[in-house]
1. Taking segment 218-236 only, how many residues are farther than 16 Å from residue 540 by Cα and surrounded by 24 or more Cβ atoms within 10 Å (Cβ to Cβ)?
2. Would segment 527-536 turn up any residue that is more than 32 Å from the chain's Cα centre (by Cα), under 19 Å from residue 425 (Cβ atoms) and touching a residue at least 60 places away in the same chain (Cβ under 8 Å)?
3. Quick check on residue 286: is it over 8 Å from the mean Cα position of the chain (by Cα), touching a residue at least 12 places away in the same chain (Cβ under 8 Å) and either assigned to a loop (DSSP other than H, G, I, E, B) or crowded, with 20+ Cβ neighbours inside 10 Å (or both)?
4. Given the conditions (1) over 27 Å from residue 203 (Cα atoms); (2) part of a loop (DSSP other than H, G, I, E, B), report the number of the one that residue 415 does not fulfil.
5. Where residues in segment 452-495 are under 24 Å from residue 552 (Cα atoms) and part of a loop (DSSP other than H, G, I, E, B), which of them is modelled with the lowest pLDDT?
6. Could you pull out the residue among 426, 452, 459 that is touching a residue at least 40 places away in the same chain (Cβ under 8 Å) and in contact with a strand residue (DSSP E or B) (Cβ under 8 Å, 6 or more places away or on another chain)?
7. Mind checking which residues of segment 196-222 are at pLDDT below 95, closer than 25 Å to residue 270 by Cα and touching a helix residue (DSSP H, G or I) at 6+ places or on another chain (Cβ under 8 Å)?
8. When residue 81 is evaluated against the numbered criteria (1) assigned to a helix (DSSP H, G or I); (2) modelled with pLDDT under 60, which criterion, by number, is the only one it fails?
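The values are calculated or read from the model by the stated rules, or taken from the named source; none is laboratory data. Note that the structure is predicted; figures quoted are calculated from it, not measured. Here Cβ is always computed from backbone atoms with ideal geometry, including for glycine, and neighbour counts include all displayed protein chains.
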């Protein structure tokens, strides 16, 4: 058999005899060799140790890239799944259900057009004119109740974004309706003070305007800024000076209200407060009235928040302690401001959880400080043990009247006890509760007493009117406008008079000899020259001016017609409540 010849065997040649092209070919062939994973790993690890320009190193680098791809492809999804499993689970929110009541619209009813408004009476006052002056006529009270109107003062205001855009109220509440300029003139004439009485108030409003700071506040001491601004707002609102409603005082009221709204911010408490935080209820009182007379939604929002601490702070005996603290003590004076604030917010038609209950409980806020025989004391402890001076009887009495407790036997006994009170700067200590030690703040107590006597009316207020009005008229400190002495120029470019009051008592609340403003004090009928601070003067002036506006600031509670929560169509702007019922008492003089 013929055998095929064996292929010649190529002899191995040394590396130096292999040309460069053949070397590259052999290196490329190695890339396509089928190697086991173990062999590939061995070569890769060995190649990484070789010089970078060698084929072994390049082979190792390529193998490293090939092996890392699958590893990354597995590791990334695995890590992502682990992270997702570690995230906390969020429970689905529970379903919300709401009851919907479908109300069929009522049939249209043809409404007769309202009768034409009669011309204003001749004694209607223009608050921007202060030339009215002179002595009042005979101050003789009339038993007939004041005429009340619920006609709108202006059209419904447009949507607003700031206090600056608020116009006159849609309908002033019944408790405020007599502040309308026409009603104000009738009331002043009815009680015998006429235009001269309004001129006194306007002088005070002009003096207060000069003291207002650029941010809209009043007061040198920031601790009292909220309280003094609130009292000034109440003074301007009592004269029906609402934002942008007049060219003279509208901007003043606007800046003041804006200051309180801004100082409240988005919280429940005002930024500035005094040691016992009287500032808060006074600020709420002012904003409550401001909303009632402007219907400004920004003011409403502020009131809804600011009234919450008062609702929570009412104690188990229905009253309040300093700082609205929940303790066993009830403070008569502090409860007075809280009660007035709750009344103002309630009368404005604000509807927040707990307000109605708080209002009803406030009717009994002063029971624990009542000692008997018409005496309301300074404080009570643990719902009993009323003690302290009785000068605060007037505070509890007025607040109970405003809270519709005017027929309560305690109120009637208190009015009998205060029948012997006097109104005299020189003899301010001559009161049924004793001398100066038990009555250090006569202007403060007269503020309540004047209103309480007006609420009773008749001979009670008639006798008081003959005392308090002439005294405040004669005690006002006046700087005349002639020659520019007052420094006050009205919108018409004319210089006008300004005026203020200082308390006759050296011990009036917050008084200080450090203020440097000269004033006069009395003790035992003796006159003494002293000094006071601007903050004290602002407080005294607002309290005195508010007394002189008692004729029209609030209607007697028994004569009110509550229209405070109705819009221009006469519809309630919140759910109806029991206190919305109209209460009218008609008083007639006996014949013969």
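1. 0
2. The answer is yes, given that some residue of segment 527-536 is more than 32 Å from the chain's Cα centre (by Cα), under 19 Å from residue 425 (Cβ atoms) and touching a residue at least 60 places away in the same chain (Cβ under 8 Å).
3. no
4. (2)
5. Of everything passing the filter in segment 452-495, 457 is modelled with the lowest pLDDT.
6. Just one listed residue meets the conditions, 426.
7. Within segment 196-222, 219, 220, 221 meet the criteria.
8. Evaluating residue 81 over (1) assigned to a helix (DSSP H, G or I); (2) modelled with pLDDT under 60 leaves (2) as the failure.
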